[in-house]
Amino acid sequence: MVRYLKNLTWPCLLLSCSIGFSQPAGRTISGIITSQEDAAPLEGVTVIVKGSNRASGTQADGVYYINVSPGDSVLVFSYNDFQTQEVKLGSANEYNIILKRGKNAIENKSSFSPYGKWRGVFRLKDGLDAPFIFEISGNSTEDTKVYFINAEEKFDGGKLKQTKDSLFILADQFDNELAFKIESNSLSGVLRKQDKTGIPVPVRAERGYPDRFTETGAKPSADISGTYDIVFKTDNGKDEKAVGLFKQNGNKLRATFLRITGDSRYLDGIVSGNNFYLSTFIGSGPGYYKGTINKDGSVTGEVISARSVQVFTGSPNEDAALPDPYKLTFLKDGYTSLDFSFPDINGKPVSLKDDKYKNKVVILTITGTWCPNCVDEASFLAPWYKENKKRGVEAIAIHYERKTDTAYARKVITRFREKFGIEYDAVFAGLADKQQVAESLPALNTFLSFPTIIFIDKKGKVAKIHTGYTGPATGKYYDGFVKEFNEEIDHLLKQ
């Protein structure tokens, strides 16, 4: 299980511990760090190569080792309430450091360096923590990058802002922020909306702990790799069928769940005995799953958030599949097309009747900037459109957002377009609510999922509707979606 992070020291002390994914060639700097007060060696001092994501720490005798490259010029030494010290590197390979007690906490925090890989935990409820991994890299404030790491994905986490005693990760993609107070080599704070509304989620982070979940030493009782029929219990007590994909390597586990509304993206975790734990975070809400492996090979578990718990069960089935996503949403009797007029971010009305779309195959995507599966869809559709628009294809993103305020909608949609390099039109249709979608597009029989893709033929008629999205975390299911998407476009262009 995950335990709440406390004042821990660095685990990788005998050798330099790279916080990034690789160590550059160069030389090894070493030395002993002691306290000015009593000349005692200091254990747990953080040593960082300034302007990089490489860090190390001291062991019990105060000794440190850290690799540096030819271009590195400064090491930063920081520890609890001691003054942070920067040392300029020369030709020597040994630098013994004496640290002084800090005059005040602010002095130390102002010298804090955020670079490196961090392990954070969200406190979802008493005794239950959802871990996540993020990395801050760069050489200066201007080129700093924040990445949220889930399984094989490094997700662009947004911008970084640092003040004397605070650190902010601005997850603009979801209009959220991680607001931290700097506490030596740890961070404490909350995940909240950028406008400070809603209920914040407490969070802490420590640097230098590469494992997402705390190892218990218990060997996995089984290997659950494979495809599963999954059943989620919904709030109204009904069963929702889904597909679970598990990939286990020793006690390491990666997974995703496919539902008719979309997939759960990249889940990362461990198997401990007959229990498994998974989590994910990309700047929206944290995702946390825990489950049990039963003797008959089935699984039971829960999806837990700060405000809800959903139970699921599953059994192995390599042929597990969702209902056909092209048969869930369709037009009501008597309709053959969609008739709408929504404003773009500049207030200009956009309609399928516009000359721009006449005699073109048009892709409509019902989307929202707040939606993780919509992020995956935009990552696919934006470059696809650039490559295929010359073939006589157009696209329109119909956005439903968290607020109806036009200034807010303009802000988040503009951010979304810039992030993914979107060149097709985007319009704002209202609040992110399924009933709102159904009312604004009354020809649809229902609306089930963000995103939903609607294929329009050259005559302006609806050809097909695809509900939900299976993103790259789903492997062969994603490949199948891309294949069907391209085949449908090819078919419509030939008509």
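Structure data summary
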| quantity | calculated |
| --- | --- |
| So Gly347, is it over 18 Å from Ile456 (Cβ atoms) and assigned to a loop (DSSP other than H, G, I, E, B) | yes |
| Pair list, Cβ < 9 Å and 6+ apart or interchain, from segment 36-54 residues that are closer than 17 Å to Gly26 by Cα to residues that are acidic (Asp, Glu) and part of a loop (DSSP other than H, G, I, E, B) | Val49/Asp72; Lys50/Asp72; Gly51/Asp72; Ser52/Asp72; Arg54/Asp72 |
| Scan of segment 1-59 for residues that are at pLDDT 50 or above, aliphatic (A, V, I, L, M) and within 33 Å of the chain's Cα centre (by Cα), ordered by number | Ala25, Val45, Val47, Ile48, Val49, Ala55 |
| Residues that are of a type in the set (Val, Ile, Thr), in contact with a strand residue (DSSP E or B) (Cβ under 6 Å, 6 or more places away or on another chain) and not in a strand (DSSP E or B), drawn from segment 261-294 | Ile282 |
| Odd one out for Asp354, checked against (1) of a type outside the set (Ser, Thr, Tyr); (2) at negative phi; (3) not assigned by TED's automatic domain parsing to the domain that holds Phe481 | (3) |
| Which listed residue is in contact with a His (Cβ under 6 Å, 6 or more places away or on another chain) and aliphatic (A, V, I, L, M), from Ile489, Ile465, Ile453 | Ile453 |
| Odd one out for Leu448 among (1) assigned to a helix (DSSP H, G or I); (2) touching a Gly at 6+ places or on another chain (Cβ under 9 Å); (3) among the aliphatic types (A, V, I, L, M) | (1) |
| Criterion (farther than 30 Å from Phe281 by Cβ and in contact with a strand residue (DSSP E or B) (Cβ under 9 Å, 6 or more places away or on another chain)) met by exactly one of Gly334, Gly392, Gly301 | Gly392 |
| Single residue of segment 442-461 satisfying the filter (among the aliphatic types (A, V, I, L, M) and crowded, with 19+ Cβ neighbours inside 10 Å) that is nearest to Leu331 (Cα to Cα) | Leu444 |
| Pick from segment 400-422, criterion touching a helix residue (DSSP H, G or I) at 6+ places or on another chain (Cβ under 6 Å) and among the charged types (D, E, K, R), ranking: farthest from Ala378 (Cα to Cα) | Glu401 |
| Tally, over segment 188-242, of residues that are free of Cβ contacts under 8 Å to residues at least 40 places away in the same chain, surrounded by 12 or more Cβ atoms within 10 Å (Cβ to Cβ) and not charged (D, E, K, R) | 6 |
| Segment 78-92 - residue that is in a strand (DSSP E or B) and at pLDDT 90 or above and, of those, farthest from Gly44 (Cα to Cα) | Lys88 |
| Residue in segment 373-387 that is farthest from the chain's Cα centre (by Cα), counting only those that are buried (at least 17 other Cβ atoms within 10 Å of the Cβ) and over 14 Å from Ile282 (Cβ atoms) | Tyr385 |
| Any chance Thr369 is among the polar types (S, T, N, Q), within 21 Å of Ser440 (Cα to Cα), in a loop (DSSP other than H, G, I, E, B) and within 21 Å of the chain's Cα centre (by Cα) | yes |
| Filter pass, Gly273 being surrounded by fewer than 22 Cβ atoms within 10 Å (Cβ to Cβ), small (Gly, Ala, Ser), at pLDDT 95 or above and farther than 20 Å from Lys476 by Cβ | yes |
| Test: Val299 is of a type in the set (Val, Ile, Thr) and either touching a helix residue (DSSP H, G or I) at 6+ places or on another chain (Cβ under 6 Å) or surrounded by 15 or more Cβ atoms within 10 Å (Cβ to Cβ) (or both) | yes |
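So that you can scan it fast, the table gives a plain yes or no per residue for (1) over 20 Å from the mean Cα position of the chain (by Cα); (2) closer than 13 Å to Thr369 by Cα:
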| position | (1), (2) |
| --- | --- |
| Thr406 | yes, no |
| Ile413 | no, yes |
| Gly430 | yes, yes |
| Val437 | yes, no |
| Leu444 | yes, no |
| Gly471 | no, no |
| Gly475 | no, no |
| Phe485 | yes, no |
| Ile489 | yes, no |
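For (1) more than 15 Å from Arg207 (Cβ to Cβ); (2) not in a strand (DSSP E or B), each residue gets a yes or a no:
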| residue | (1), (2) |
| --- | --- |
| Gly31 | yes, no |
| Ser52 | no, yes |
| Gln59 | yes, yes |
| Gly71 | yes, yes |
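The values are calculated or read from the model by the stated rules, or taken from the named source; none is laboratory data. Remember, it's a predicted structure, so these values are computed and weren't measured experimentally. Heads up, the Cβs are rebuilt from the backbone with ideal geometry, glycines too, and the neighbour counts pull from every protein chain shown.
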